[in-house]
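*Asks:* For reference, the structure I am asking about is given below.
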Amino acid sequence: TSNKTAYARTLANISFTKWLLNPNYRASNGLLTSLNIREKEGDFWGQNSSYYYLSEYYEKHNPDSALLYAHKMSEIAQKLNSINAQIFALQKLTLLSTVKNKN
C-alpha cells in the first residue's frame, strides 16, 4: 500500500474481474475506493479506467449512473488530450444514450 496508484489499480482490476466472473458480486465498493484514491493522487489515466469500469458495472442495473461515469470518462479523456480515449468514451456514450432512449 506504499504505492497508492498501484494499490488503486490492483483494487480496481480485482473488483472488476470478480464482478465479471460473478455478476452478483458487489464490485462498487472496490471500484469507488479505487476511484477515490486515483482522484486524490491526480492519476488521470487511472480515473479514466475507473470511470470505464464503473460505467460497465452499472450499465444494466443503473443506466443513469453508467451514463454519468461515461460522461466523466469523456471529460478525463479530453484532459488527457488522448484521441483514442476520447473516441472510446464517445463510443460508450453513444451506446448508453441509445440504450436509454430505447427504454
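*Asks:* Six or more apart or on different chains, Cβ under 7 Å: which pairs go from a residue in segment 13-32 that's under 17 Å from Gly46 (Cβ atoms) to one that's open to solvent by 90 Å² or more (accessible area, probe 1.4 Å)? Could you list them?
*Replies:* Ala27/Lys18
*Asks:* Are any residues in segment 12-42 open to solvent by less than 40 Å² (accessible area, probe 1.4 Å) and under 13 Å from the mean Cα position of the chain (by Cα), and if so, which ones?
*Replies:* Of everything in segment 12-42, those that are open to solvent by less than 40 Å² (accessible area, probe 1.4 Å) and under 13 Å from the mean Cα position of the chain (by Cα) turn out to be Ala12, Ser15, Phe16, Ala27, Ser28, Gly30, Leu31, Ser34, Leu35, Arg38.
*Asks:* Condition first: open to solvent by 90 Å² or more (accessible area, probe 1.4 Å) and among the charged types (D, E, K, R). Can you find one or more residues in segment 57-71 that meet it?
*Replies:* Among the residues of segment 57-71, at least one is open to solvent by 90 Å² or more (accessible area, probe 1.4 Å) and among the charged types (D, E, K, R), which makes the answer yes.
*Asks:* Okay, moving on. Looking only at segment 47-74, how many residues end up being under 12 Å from the mean Cα position of the chain (by Cα) and of a type in the set (D, E, K, R)?
*Replies:* Total meeting the criteria: 3.
*Asks:* From Ser15, Ser49, grab the single residue that is within 21 Å of Ser74 (Cβ to Cβ), at pLDDT 95 or above and touching a helix residue (DSSP H, G or I) at 6+ places or on another chain (Cβ under 8 Å).
*Replies:* Ser49
The values are calculated or read from the model by the stated rules, or taken from the named source; none is laboratory data. This one's a predicted model, so the numbers in the text were calculated from it and none came from an experiment. Glycine gets a Cβ as well: all are built from the backbone with ideal geometry, and neighbour counts include every protein chain shown. Note: accessible area is taken over every heavy atom of the protein model, side chains too, but ligands, DNA and RNA are not part of it. Shrake-Rupley method; radii C 1.70, N 1.55, O 1.52, S 1.80 Å.
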